[in-house]
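I have placed the structure first, in the form of structure tokens, so that the comments after it can refer back to it.
The values are calculated or read from the model by the stated rules, or taken from the named source; none is laboratory data. In this text the structure is predicted, and so the values were computed from the model without any measurement. Quick reminder, even Gly has a Cβ in these numbers, built from the backbone with ideal geometry, and neighbours come from all protein chains shown. Calculation scope for accessible area: heavy atoms of the full protein, side chains included, ligands and nucleic acids excluded. Shrake-Rupley method; radii C 1.70, N 1.55, O 1.52, S 1.80 Å.
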Amino acid sequence: MLIPHDTRIALDTVVDLMNTAPQGDREDELDDIPALRTFVRAHKISDVGELGAGDLRAVRDVRDRFTAVFSAPDARIAATLINQLVASAGTTPQLTDHDGYDWHVHYFAPGASVSDHLAADCGMALAFIVVAGEQERLRRCEAPDCGRAFVDLSRNRSRRYCDSRTCGNRLHVAAYRARRKEAAG
């Protein structure tokens, strides 16, 4: 699946944002304004002004809406959720070439809030996946103690874990040990 650079960055941002949510033993990683500021900086989200409590609440709401898209049982429901998300952001497509990146499209309006920026750009990246008929690539880690979000960009759509070096390896080692224990009797 060929994905343009800016779409890939937006998909990575969606996943990283969703993975800040509290889950199981994990606390909310987006628990205050400094954490939001760190997220914005780490993801090089451009054209963001001063952040406040309203921004934090709004970004958490967008995060929940992205989670609903990942959980949607079919493309029609995912499309409805994405359409609502993108429309609420006041999407205004514009070509831009900033910060050393070649021409790409920003979907957020100039001066948009960080939540509208995320809803527009990341929502359009999710739309790209649904339009391509690839919604099943929006996944959750199958490790029983994980559940982190990821986009399966493997050629044959076979990725099962958020990270094969941690979750995947841990489960493979556990299965191997269980087989050895059973064989040893």
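Does region 25-39 hold any residues that are over 17 Å from residue 53 (Cα atoms) and open to solvent by 80 Å² or more (accessible area, probe 1.4 Å), and which are they?
Initial filter on region 25-39 (over 17 Å from residue 53 (Cα atoms)): 25-27.
Of everything in region 25-39, those that are over 17 Å from residue 53 (Cα atoms) and open to solvent by 80 Å² or more (accessible area, probe 1.4 Å) turn out to be 25, 27.
Right, residue 128: touching a Leu at 6+ places or on another chain (Cβ under 8 Å) and of a type in the set (A, V, I, L, M, F, W, C) or not? If you could, list the steps in order and put the result at the bottom.
Values: touching a Leu at 6+ places or on another chain (Cβ under 8 Å): no; of a type in the set (A, V, I, L, M, F, W, C): yes.
Against the criterion (touching a Leu at 6+ places or on another chain (Cβ under 8 Å) and of a type in the set (A, V, I, L, M, F, W, C)), residue 128 does not qualify.
For (1) open to solvent by less than 20 Å² (accessible area, probe 1.4 Å); (2) free of Cβ contacts under 8 Å to residues at least 12 places away in the same chain; (3) at positive phi; (4) in a strand (DSSP E or B), each residue gets a yes or a no:
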{"position": "58", "(1), (2), (3), (4)": "no, no, no, no"}
{"position": "61", "(1), (2), (3), (4)": "no, no, no, no"}
{"position": "67", "(1), (2), (3), (4)": "no, no, no, no"}
{"position": "121", "(1), (2), (3), (4)": "no, no, no, no"}
{"position": "143", "(1), (2), (3), (4)": "yes, no, no, no"}
{"position": "154", "(1), (2), (3), (4)": "no, yes, no, no"}
{"position": "161", "(1), (2), (3), (4)": "no, no, no, no"}
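Look through region 126-141, keep the residues that are aliphatic (A, V, I, L, M) and surrounded by 17 or more Cβ atoms within 10 Å (Cβ to Cβ), and return whichever of them is farthest from the chain's Cα centre (by Cα). Quick ask: steps written out before the conclusion?
Taking region 126-141 as the starting set, the residues that turn out to be aliphatic (A, V, I, L, M) are 126-127, 129-132, 138.
The next check asks that each one be surrounded by 17 or more Cβ atoms within 10 Å (Cβ to Cβ); those that pass are 126-127, 129-130, 138.
Values: 126: 9, 127: 13, 129: 12, 130: 14, 138: 9 Å.
Looking at residues that are aliphatic (A, V, I, L, M) and surrounded by 17 or more Cβ atoms within 10 Å (Cβ to Cβ), I get 130.
Can you confirm whether residue 155 is under 18 Å from the mean Cα position of the chain (by Cα) and of a type outside the set (Phe, Trp, Tyr)?
Working: under 18 Å from the mean Cα position of the chain (by Cα): no; of a type outside the set (Phe, Trp, Tyr): yes.
Against the criterion (under 18 Å from the mean Cα position of the chain (by Cα) and of a type outside the set (Phe, Trp, Tyr)), residue 155 does not qualify.
Give region 69-103 a look and list any residue that's in contact (Cβ under 8 Å) with a residue 60 or more places away in the chain, in contact with a helix residue (DSSP H, G or I) (Cβ under 6 Å, 6 or more places away or on another chain) and open to solvent by 40 Å² or more (accessible area, probe 1.4 Å), or say none.
Passing the criteria: only 75.
Yes or no: region 107-115 includes at least one residue that is open to solvent by 30 Å² or more (accessible area, probe 1.4 Å) and under 24 Å from residue 26 (Cα atoms).
Step one: list which residues in region 107-115 are open to solvent by 30 Å² or more (accessible area, probe 1.4 Å), which gives 107, 110-111, 113.
Add one more test, that the residue is under 24 Å from residue 26 (Cα atoms), and what stays is none.
No: zero hits.
How many of the residues making up region 1-47 are among the acidic types (Asp, Glu) and under 30 Å from residue 133 (Cβ atoms)?
Residues that pass the stated criteria total 3.
With the requirement that a residue be aromatic (Phe, Trp, Tyr) and without any contact (Cβ under 8 Å) to a residue 24 or more places away in the chain, what does region 123-141 give you? Lay out the reasoning, then the answer.
Step one: of region 123-141, the residues aromatic (Phe, Trp, Tyr) are 128.
Correct list: empty.
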